[in-house]
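Asks: Mind looking over this structure? Questions follow.
The values are calculated or read from the model by the stated rules, or taken from the named source; none is laboratory data. All values derive from a computational prediction rather than experimental measurement. Glycine gets a Cβ as well: all are built from the backbone with ideal geometry, and neighbour counts include every protein chain shown. Areas reflect the complete protein model, heavy atoms only, side chains present, ligands, DNA and RNA absent. Shrake-Rupley method; radii C 1.70, N 1.55, O 1.52, S 1.80 Å.
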Amino acid sequence: MGNQHEILHAPHQELEAIQLEGLKKTVVNVYEKIPFYKESFDAAGFDPYAVETLDDLKKAPFVTKQDLRDAYPYGMLAVPLKDVKEIHMSSGTTGVATVGAYTDHDLKIWGDCFARGVEYGGGTEDDVMHVCYGYGLFTGGLGAHYGGLAAGCTTIPMSAGNTERQIRVLRTMGSSIICCTPSYAMHIADTAIEMGIDPKKEFNLKFGIHGAEPFSDNFRKDLEEKLGYKVLDVYGLTETMGPGVAIECAEQNGLHLAEDHFIAEIIDPVTGENLPDGEWGELVLTTVDREASPVVRYRTRDITRILPGQCACGRTHKRIDRLHGRTDDMLIIRGVNVFPSQIEDVMKTFPDVSSWYVIELTRKDNLDVVTLKAELNPDFDFDQISAIEKLQKDMQIAMKNALSVSIKVKLVEPKTVARSEGKAKRVIDLREGIK
């Protein structure tokens, strides 16, 4: 972890020099090795041999998820297949999967990047890391696993599922760091409490590294209260590496981007124009030292911003804000843009409502109707129909005031919203003919 510590505190000028050197090599490499890039660079009039500054990157064309799908399976490889040591894929639930390939060099970088999260949380080689992201083609499990090994932690490859066994291991094996989706961490906490176990007393957790789905600040507070630990957000995606592209430190004030391996831009998702630090837009990523699956100006569809200034922790790598949502899960309600996390933020200001919810989209009289179906806490008296109706009305008013749109609220009994061992499905589209 010693070299990690040095690069995390390097002067930003030094980081930019690393980025520029890597960028020059990467754009030439993809141009010469990957036909897609040669065609797209030529069509855009971008000369990869003429890159002199980081600003020159803006002249390169974007790459989209569809471009990567069209190249399935091996069209975006920059190395011979024999040099690829591991392959991961996106779920492919909305189309053909995207492929992420790794050389030995790429796998080492991945582990090192995730290991930074261990340092950020105050972890050391004396910690026990409990990994209950799913192992397999999904990058979560193995990404966290490699991070645990790189940080020198004792690493337990639990994978997802069998929640009671997860709880048993958390109670007995001294697990001090947990890695999983935030919704699964909440499910573990709720299940333990239902079993009569107090996680704050019977678990040994110091912090968790949670990602793969957006979660609100109020959800974080609820999770920290139940498990008695600190929640660190982690960001990554199959197309650029997996979890570890950026991770929060203990300040919980933005995710430090691994700037020695990635260049981040924020663009207007409509015009494609670059936006200054501090403004919300779509995150665009370029890898500067990836061998197997390099990407240049990949449009992630994730909405965030680059936070101005340096973090109070003293680390110099720029921070991206916690994800506002994705351009493809943004709800447009009567012309107003709303993200599920914003609805959740309002919902969590009501203490009688639990963390379990789903947003249903339906259509009535040619108008879209958005319904928040949220579970009440187990100790709520369900016989008090009038109290439930009042709470629903109060929540609807709060939604209208905070979001400037009308959202119907339906409060339901505990355990009626489906749990997930992987990514939580927060939005269900029930509109006929709309996908």
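Asks: Can you tally the net charge around G244? Count Lys and Arg as +1, Asp and Glu as -1, for every other residue whose Cβ sits under 11 Å from the Cβ of G244.
Replies: 0
Asks: Rank these by accessible area, largest first, 1.4 Å probe: V427, V405.
Replies: These residues rank, largest area first, as V427, V405.
Asks: Quick one: Cα centre-to-centre distance for segment 131-194 and segment 335-375, in angstrom?
Replies: Cα centroid to Cα centroid, the span is 29 Å.
Asks: Hey, can you find the accessible area per residue of the chain for me, probe 1.4 Å, expressed in square angstrom?
Replies: 44
Asks: Please report, in cubic angstrom per residue, the volume enclosed by the convex hull of the alpha-carbon atoms of segment 150-276.
Replies: Spread over its residues, the Cα hull of segment 150-276 gives 141 Å³ apiece.
Asks: If I build a Gaussian network model for the chain, linking alpha-carbon pairs within less than 10 angstrom, which residue out of P340, P11, P294 has the largest mean-square fluctuation?
Replies: In the Gaussian network model the winner is P11.
Asks: Restricting the count to DSSP beta bridges whose residues both fall in the chain, what percent are antiparallel, rounded to a multiple of 5?
Replies: Of those bridges, close to 60 percent are antiparallel.
Asks: At a Förster distance of 60 Å, what's the computed FRET efficiency of L149 paired with F382, Cβ-Cβ distance as r, to 0.05?
Replies: Efficiency for this residue pair is about 0.80.
Asks: Loop-only GluC sites (Glu not before Pro) in segment 273-303, please: DSSP not H, G, I, E or B, and at most 16 other Cβ atoms within 10 Å.
Replies: E273, E279
Asks: If you don't mind, there's one more thing I want to ask. If you take the square roots of the eigenvalues of the alpha-carbon gyration tensor of segment 372-435 and sort them as a ≥ b ≥ c, do you get rounded (a/c under 1.5), prolate (a/b over b/c) or oblate?
Replies: In terms of gyration-tensor shape, oblate.
Asks: Looking at the chain as a GNM with Cα springs under 10 Å, which of R299, R322, R363 has the largest mean-square fluctuation?
Replies: Answer for the Gaussian network model of the chain: R363.
Asks: Can I ask one more? Please list the three semi-axes, largest first and in whole Å, of the ellipsoid equivalent to segment 89-162, using sqrt of 5 times the eigenvalues of its alpha carbon gyration tensor.
Replies: Values for segment 89-162, descending: 24, 15, 9 Å.
Asks: Using a cut-off of 11 Å between beta-carbons, work out the net charge of the residues near T371 (Lys and Arg +1, Asp and Glu -1, T371 not included).
Replies: +2
Asks: Rounded to the nearest 500, what is the 222 nm mean residue ellipticity of the chain from helices alone, with -39500 (n - 2.57) per DSSP H run of 4+ residues and division by all residues?
Replies: For the chain, the value works out to -10000 deg cm²/dmol.
Asks: Separate question: Dipole size in debye (nearest 20) for the chain around its Cα centre, Lys and Arg Cβ +1, Asp and Glu Cβ -1?
Replies: 940
Asks: Another one. Share of the chain's accessible area from carbon and sulfur, percent, 1.4 Å?
Replies: 50
Asks: Where a ≥ b ≥ c are the square roots of the eigenvalues of the C-alpha gyration tensor, would you call segment 293-381 rounded, which needs a/c under 1.5, or, failing that, prolate if a/b is larger than b/c, or oblate?
Replies: oblate
Asks: Largest first and to the nearest Å, give the Cα extent of the chain along each principal axis.
Replies: Projected onto the principal axes, the Cα atoms of the chain cover 72, 56, 40 Å.
Asks: Just add up the charged neighbours of W110: K/R +1, D/E -1, any other residue whose Cβ is under 15 Å from the Cβ of W110.
Replies: My count for the surroundings of W110 gives -4.
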